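The values are calculated or read from the model by the stated rules, or taken from the named source; none is laboratory data. Just so it is clear, the structure is predicted and the values come from calculations on it, not from any experiment. Cβ placement follows ideal geometry from the backbone for every residue including glycine, while neighbour counts extend to all protein chains displayed. Quick note on the areas: whole protein, heavy atoms, side chains included, nothing else; ligands and nucleic acids left out. Shrake-Rupley method; radii C 1.70, N 1.55, O 1.52, S 1.80 Å.
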Number of protein chains: 2
Amino acid sequence: MKVVSVSKAHDGIQGVYTHASDACACDMTFAVFAPPQAKDGRVPVLWYLSGLTCTHANVMDKGEYRRMAAELGLMIVCPDTSPRGEGVPDEKDNWQFGCGAGFYLDATQQPFAKNYRMYSYLTEELPRLVAENFPADMARQSIFGHSMGGHGALTIALRDPERFKSCSAFAPIAQPMTAGWSRPALEKYLGPDEAAWRAYDATALIEDGRRFPEFLVDQGTADGFLQDGLRPWLLEDACGKAGIALTLRMQDGYDHSYNFISTFMDDHLRWHAARLAG
Amino acid sequence: MKVVSVSKAHDGIQGVYTHASDACACDMTFAVFAPPQAKDGRVPVLWYLSGLTCTHANVMDKGEYRRMAAELGLMIVCPDTSPRGEGVPDEKDNWQFGCGAGFYLDATQQPFAKNYRMYSYLTEELPRLVAENFPADMARQSIFGHSMGGHGALTIALRDPERFKSCSAFAPIAQPMTAGWSRPALEKYLGPDEAAWRAYDATALIEDGRRFPEFLVDQGTADGFLQDGLRPWLLEDACGKAGIALTLRMQDGYDHSYNFISTFMDDHLRWHAARLAG
């Protein structure tokens with residue numbers, strides 16, 4: 001692991017790191033905020049997964065998580081959203097597929113299966129790397145994210161509920177299998193058999209019996225992707241039938257941007273901290 | 001004035017606007033955060049001037065001012081750092097001169113005198129535009145900024161102390177006339193006669209009798225520009241001799257980045273709000 005940059009912020013350290021990833025067969029970059037409490041011992045880890053087009057840097061720059069994470073003693077880990085670099089297949093003019101659009105799954109189709117393995121990266125390789133290199137208490141992990149990353153947080157938590165104390169999302173994609181901006185990506189990564197897609201679809205996972213105790217979801221009412229791309233009512237319906245406690249808050253007038261995310265960041269951090277305190 | 005974008009944030013509105021500037025003879029872009037209190041009447045205005053290479057967008061994205069500005073009821077106006085666009089003379093490979101490096105002065109030398117008139121822009125044209133288009137209480141203005149913009153805030157306040165209730169800076173250039181990264185710019189904008197530079201140099205203005213009641217300055221000790229470019233001790237010395245109350249806080253381990261700015265943003269906003277309350 002190489003240090004790209006470290007910078008003091010709110011008495012903690014905001015760092016950016018790279019490493020040669022086995023899971024993704026390329027160099028991967030990620031950001032870690034170590035709160036001041038990490039000087040004195042291991043601290044809980046909150047994973048933040050970003051949305052389409054983002055790298056690790058967008059939420060690091062615009063998410064406004066450091067002040068409250070420092071107050072609460074949370075380590076914030078912000079991975080990239082896909083493999084990148086020379087040799088990684090991409091569709092340069094398509095922001096909904098390829099680099100910046102990994103959808104947090106393990107691709108099975110060529111030529112994507114070699115690199116597009118964000119699910120394995122986030123569930124195996126990166127947690128191991130974080131545990132080895134940072135003062136992280138891996139017995140206390142939570143996860144959240146935005147849009148494609150909000151959905152990634154939901155699916156990863158549903159598939160491994162023992163790993164996480166809590167899971168929340170900003171404007172998550174509720175059902176990527178049936179949304180126009182994600183269906184083509186799932187087909188290219190996973191092939192035409194939609195049965196294989198269900199392992200990476202939050203509502204399908206719930207329908208298929210996966211459970212997580214509770215979710216907190218914030219969704220802006222002025223979000224241009226609400227009606228066609230995000231559709232939180234599908235998640236609400238699935239959670240209702242499954243008995244999962246979903247707190248879905250429709251936030252009046254907020255859009256899909258980091259202005260929305262940063263407005264409710266403190267709320268989410270406090271919510272996770274309360275569940276990580278045990 | 002045209003609206004580029006508006007986005008709800010912390011129950012206020014973060015907007016970006018453009019207009020055809022007479023002062024700079026080009027289109028100029030600026031950002032305004034209107035806090036929720038602006039729905040009910042005019043609110044105090046706090047001007048933020050950015051550093052070298054920045055546009056209006058850097059502090060809007062990374063400055064983390066909205067939450068506290070919304071709490072305190074402050075309007076935050078973030079101008080660009082220079083004229084821009086086709087026909088504006090520039091040195092593309094020089095980040096210390098031209099676009100992104102206007103130094104908040106009125107150039108007198110050709111070919112820069114037509115466009116590089118940020119002093120007039122910020123002291124006459126943009127305040128008028130803000131007063132006409134936003135619920136701004138122009139009887140309650142304060143000013144702050146970072147690096148070149150911290151220096152801009154100091155000089156503008158020193159030259160027009162009646163306009164501002166308070167002035168603060170993050171890592172300001174204390175004496176651009178004698179710093180290597182700013183001397184060449186002053187010569188190109190203002191000509192070889194250094195007497196003309198003194199109107200745009202904070203320590204020279206103080207030496208020449210300009211006064212402002214008090215300044216708050218934060219400076220990171222790990223700032224790579226501290227020793228050669230910023231040198232707050234020169235400001236401290238000038239303020240000491242002039243009887244200006246300077247609170248200079250050396251912040252251990254902080255660098256020159258937005259991680260430093262955002263860490264102390266709340267402090268500065270509260271400090272200005274207390275002085276704007278009257």
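Could you give the DSSP H helices of chain B that reach 18 angstrom or more along their long axis (alpha carbon positions) and whose average Kyte-Doolittle hydropathy is no lower than -1.0?
B:258-276
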Q.
Can you list the copy-to-copy distances for B:GLY85, using a point 7 angstrom from Cα toward Cβ, in nanometres, shortest first?
A. 4.3
Q: Would you kindly work out, in nm and rounded to one decimal, the distances from the label point of B:ARG128 to those of the same position in each other copy, ordered shortest first, with label points 7 Å along Cα-to-Cβ?
A: 6.7
Q. Using DSSP loop states and a limit of at most 10 other Cβ atoms within 10 Å to flag GluC sites (Glu not before Pro), what is the longest stretch of chain A containing no flagged site?
A. A:163-278
Q: Quick one: grab the alpha carbon gyration tensor of the range A:203-278, order the square roots of its eigenvalues as a ≥ b ≥ c, and give me rounded if a/c is under 1.5, else prolate or oblate depending on whether a/b is larger than b/c.
A: oblate
Q. Once you sort the root eigenvalues of the Cα gyration tensor of the range B:20-82 as a ≥ b ≥ c, which label holds: rounded (a/c under 1.5), prolate (a/b larger than b/c) or oblate (the other case)?
A. oblate
Q.
For the pairs B:LYS165/B:LYS188; A:LYS62/B:LYS165; A:LYS62/A:LYS114; B:LYS8/B:LYS39; B:LYS114/B:LYS188; A:LYS8/A:LYS39, flag any whose C-alpha to C-alpha distance is greater than 23 Å.
A. B:LYS165/B:LYS188; A:LYS62/B:LYS165; A:LYS62/A:LYS114
Q: May I ask you to list the aspartates and glutamates whose Cα is less than 19 Å away from that of A:LYS241, ignoring any residue fewer than eight positions away on the same chain?
A: A:ASP201, A:GLU207, A:ASP208, A:GLU214
Q. Projected area of the range A:1-149, taken from the Cα convex hull and averaged over every viewing direction, in nm²?
A. 8.3 nm²
Q | Amide H partners (placed H, <5 Å) of B:HIS256, local residues excluded | A | B:GLY224
Q: Please work out the average accessible area per residue across the protein assembly as shown, using the 1.4 Å probe convention, and give it in Å².
A: 36 Å²
(Q) Whole-Hz ³J(HN,Hα) for each residue in the range A:84-89, computed from phi via Karplus 6.51 cos²θ - 1.76 cosθ + 1.60 with θ = phi - 60°, x for glycine and proline: what do you get? (A) 8, x, 4, x, 8, x
Q) Just for the range B:2-273, what percent of DSSP beta bridges are antiparallel, to the closest 5? A) 45 percent
Q) What value does the range B:2-273 have for Rg/Rh, both radii from Cα atoms and Rh as Kirkwood defines it? A) 0.94
Q. Can you list, shortest first in nanometers, how far B:LEU248 lies from the same residue in the other copies, with each label 7 Å from Cα toward Cβ?
A. 5.8
**Q.** Å³ per residue enclosed by the Cα convex hull of the protein assembly as shown
**A.** 150 Å³
(Q) In square angstrom and rounded to 100, what buried accessible area do you get between chains B and A, total over both, with the probe at 1.4 Å? (A) 1800 Å²
